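Remarks on the structure that follows.
The values are calculated or read from the model by the stated rules, or taken from the named source; none is laboratory data. Note that the coordinates shown come from a computational prediction; the quantities given were computed from them, not determined experimentally. Counting neighbours? That spans all protein chains shown, and the Cβs are built from the backbone with ideal geometry, glycine included.
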Amino acid sequence: MPTPLLQVDNLRTHFFGFRGQRAVKAVDGVSFSLEAGQTLGLVGESGCGKTTTCHSIFRILPPGAEVIGGSVTFAGEDLMQKSPRDMRRIRGRDMAMILQDPMASLNPLFTIFDQVAEPAYFHLGLRRQNLRSRVAELLHMVRIPSPDTRMHEYPHQMSGGMRQRIVGATALAGGPKLIIADEPTTNLDVTIQLQYLNLLKDLQRQTGVALIFVTHDLGIVAKMCDRVAVMYAGKIVEQGSVRTIYNHPQHPYTEGLIKSVPRIGSKSDLYAIPGQPPDLANLPPGCAFAPRCREVMALCCRDEPEEIVLADGHRSRCWLPVQEGIDG
Amino acid sequence: MADPLLEARDLTKYFPVKAGLVFRRVNQWIRAVDGVTFSIAAGETLGLVGESGCGKTTTAKLILAQEAATSGVIRFRDQDITALQKRDLMDYRKSVQVVFQDPYSSLSPRMRVGEILAEPLEIHTSLSRAGIRARVGEVLELVGLPADSVRLFPHEFSGGQRQRIAIARALATEARLIVLDEPVSALDVSIRAHIITLLEDLQQTLGVSYLFIGHDLAAVAHISHRIAVMYLGKIVEMADSLDLCAQPLHPYTKALFAASLPSHPDEEKDEIVLSGEVPTALNPPSGCHFHPRCPIAMPHCSGEEPPLTEVAPNHWVACYAV
């Protein structure tokens, strides 16, 4: 087996408050791996720790948050052991991030050229004519019309879809091996969203970059991803290939998520997962999903299920398959 | 068909664009809503879909009497609301309420839930304090929130619960029509199912009508009886929800359906990727507004505008190619 591009092992990130009295377990034992050129979907409800997982990988956590355990190995190197100086070299050159709101990730006072050129200037050492043609090439790749004139304009002169494409160009500028896209299409219209997703797929085909898609929209996962990891209350409760997860979800939470999405042309009742996500500072004993689970057993409220391997790469944290195995 | 509860005919709203520093002259008009006709029956949900800037929200504002229409008629229970004055307008607003997209900004952070729900009752009804308290309890129960929520502030609730509070506020005055302006877009997928189910249940028990505005076709199609598709201020197609899903006719509707995300990784779609973006309503293209992006545009599409015609029972399309 080839060594994966990114290997996250038992990552634990907690937020501390009240002088360390209170710990919010935002990420609590997350493990997954991603191979070069692959696309992983990280799904879950808001507050389940998706974004904190990504910020931990990037080491851009806000004050108060701390990685208290686990390791992140990227291209054979442990990112947790890197100095801040080394991390600055890695961010932008080897991995990049696309955020949800393009207006917030673009600086309104700098031209498109300045912002797209920055990673190429610092990390690739390009100057003058080389830099200019690199930026034009990137803008051409993300299908900005007449890039030579548009690169001297400012973000406010672009439409929402164009801004998000420019953020994509900036992410690609340093030639990264991994891009983490954190809900990149939430603010876009449906037809523009389709354009953008297709563009990302094309770019991936051209550059072989690996993608992590953070989203709560299972439709995006179905369209874009090879593998999917479902997060709940700081843990990955199920992961596997997209087809396995859709056809044979093992965790009741995954099943509920898939069933709660309306399908076009169907008026059948939607399944709504009852209750609410738990407070991450005060998790229930046993499985965190137990209070909302419709297949809950006595065991679930007592002991937390370990991650079990069901088939090739398909893992789930649920007592159900274990129990069925014993009974059957 | 039964008498409609609300009927909008040839509704238009033009916003002036002013230029000049001292003598601000109107030199252009933004045609936000440009000749829209639809009706909503009692107990019915009309879905309104389209991309941002197509005039969905302006249509909602006209229905809510927050903006005055440039021309056209809105009739609510055989009353022309564009001509209503003070007292009658208050009565109208009592029966037509609204739920906005973002429950984080549509609920005042300084008011307790009890006060938020009591406010429309204080304005629109002559209920006593005890009567108001009883009614607040009733609507909280309707939306499935505990009765002791009245003492809490909005920040103590999750997004889904806040949206329930907003729905309760809209229901408080026994509204007959609720305008839902993207009520689930800001919510998580699993919470969306809760809110959609709640809205459907409320319609069953109370017989209230909805104008459901959204851009997520799957959600709109699930809740709506009929759907109107808007593009640049005009309705380009209107049909029964299931008919429209089974057989979209207008190329723009087809593209919208093609752009909606698959519900399963094996779901194959003939993708129609539209080139370009929605033009502004400031200078809409001539003829059919959609022709510059249309995959099947013909020469005469840029000439005269196609009229909205009934091609099958209750299925209206504005396209020359149909």
Counting only residues that are among the small types (Gly, Ala, Ser) and not in a loop (DSSP other than H, G, I, E, B), region A:273-325 contains a total of 5
Looking at region B:216-322, what strands (runs of 3 or more DSSP E) fall wholly within it and have at least 1 residues that are closer than 19 Å to A:Val190 by Cβ?
B:226-231, B:234-240
In region B:210-235, which residue that is touching a His at 6+ places or on another chain (Cβ under 8 Å) and away from chain A (no Cβ under 14 Å) is surrounded by the most Cβ atoms within 10 Å (Cβ to Cβ)?
B:Gly233
Go through region A:160-200 and give me each residue that's closer than 30 Å to A:Phe74 by Cβ, without any contact (Cβ under 8 Å) to a residue 12 or more places away in the chain and crowded, with 24+ Cβ neighbours inside 10 Å.
A:Gln193
Count of region A:116-151 residues which are assigned to a helix (DSSP H, G or I) and either of a type in the set (A, V, I, L, M, F, W, C) or in contact with a Ser or Thr (Cβ under 6 Å, 6 or more places away or on another chain) (or both):
10
Where in region A:6-56 are there strands (runs of 3 or more DSSP E), lying wholly inside it, with at least 2 residues that are touching a residue at least 40 places away in the same chain (Cβ under 8 Å) and surrounded by fewer than 20 Cβ atoms within 10 Å (Cβ to Cβ)?
A:6-17, A:22-34
Identify the single condition in (1) outside any loop (DSSP other than H, G, I, E, B); (2) without any contact (Cβ under 8 Å) to a residue 40 or more places away in the chain; (3) over 30 Å from B:Asp240 (Cβ atoms) that A:Tyr253 does not satisfy, given that it satisfies every other one.
(2)
Does A:Thr244 qualify as being assigned to a helix (DSSP H, G or I), within 12 Å of another protein chain (Cβ to nearest Cβ), without any contact (Cβ under 8 Å) to a residue 24 or more places away in the chain and not small (Gly, Ala, Ser)?
no
Kindly check whether there is at least one residue in region B:178-188 that is free of Cβ contacts under 8 Å to residues at least 24 places away in the same chain and at the interface with another protein chain (Cβ under 9 Å from one of its Cβ atoms).
no
Condition met for A:Ala288 (buried (at least 21 other Cβ atoms within 10 Å of the Cβ), away from every other protein chain (no Cβ under 14 Å) and not aromatic (Phe, Trp, Tyr)):
yes
Yes or no: region A:98-111 includes at least one residue that is surrounded by fewer than 23 Cβ atoms within 10 Å (Cβ to Cβ), within 14 Å of another protein chain (Cβ to nearest Cβ) and of a type in the set (Asp, Glu).
yes
Is there a residue being farther than 25 Å from A:Phe213 by Cβ, surrounded by fewer than 16 Cβ atoms within 10 Å (Cβ to Cβ) and either charged (D, E, K, R) or in the same structural domain as A:Gly208 (by TED's automatic domain parsing) (or both) anywhere in region A:140-159?
yes
When (1) more than 12 Å from chain B (Cβ to nearest Cβ); (2) over 26 Å from A:Gly70 (Cβ atoms); (3) surrounded by 18 or more Cβ atoms within 10 Å (Cβ to Cβ); (4) not hydrophobic (A, V, I, L, M, F, W, C) are applied to A:Pro305, the one that fails is (2)
When region B:189-208 is checked residue by residue, the ones that are touching a Pro at 6+ places or on another chain (Cβ under 9 Å) and either more than 13 Å from every other protein chain (Cβ to nearest Cβ) or part of a loop (DSSP other than H, G, I, E, B) (or both) are none
Which one of the conditions (1) at pLDDT 90 or above; (2) within 11 Å of chain A (Cβ to nearest Cβ) does B:Ser263 fail to meet, given that it meets all the rest?
(1)
Could you check region A:170-198 and list, in sequence order, the residues that are within 14 Å of chain B (Cβ to nearest Cβ) and either under 24 Å from A:Arg89 (Cα atoms) or not in a helix (DSSP H, G or I) (or both)?
A:Glu183, A:Pro184, A:Thr185, A:Thr186, A:Asn187, A:Leu188, A:Asp189
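Might you let me know whether region B:268-281 holds any residue that is more than 13 Å from chain A (Cβ to nearest Cβ) and at pLDDT below 80?
yes
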Quick test for you: out of A:Lys223, A:Lys201, pick the one residue that is among the basic types (Lys, Arg) and more than 8 Å from chain B (Cβ to nearest Cβ).
A:Lys201
Any idea which of (1) within 29 Å of A:Lys259 (Cα to Cα); (2) at pLDDT 95 or above is the one B:Arg169 doesn't satisfy?
(1)
Given the criterion at pLDDT 90 or above, facing another protein chain (nearest Cβ under 8 Å) and crowded, with 24+ Cβ neighbours inside 10 Å, identify the matching residue among A:Leu218, A:Leu257.
A:Leu257
Within region A:111-123, residues in contact (Cβ under 8 Å) with a residue 12 or more places away in the chain and more than 22 Å from A:Ala181 (Cβ to Cβ) come out as A:Thr111, A:Phe113
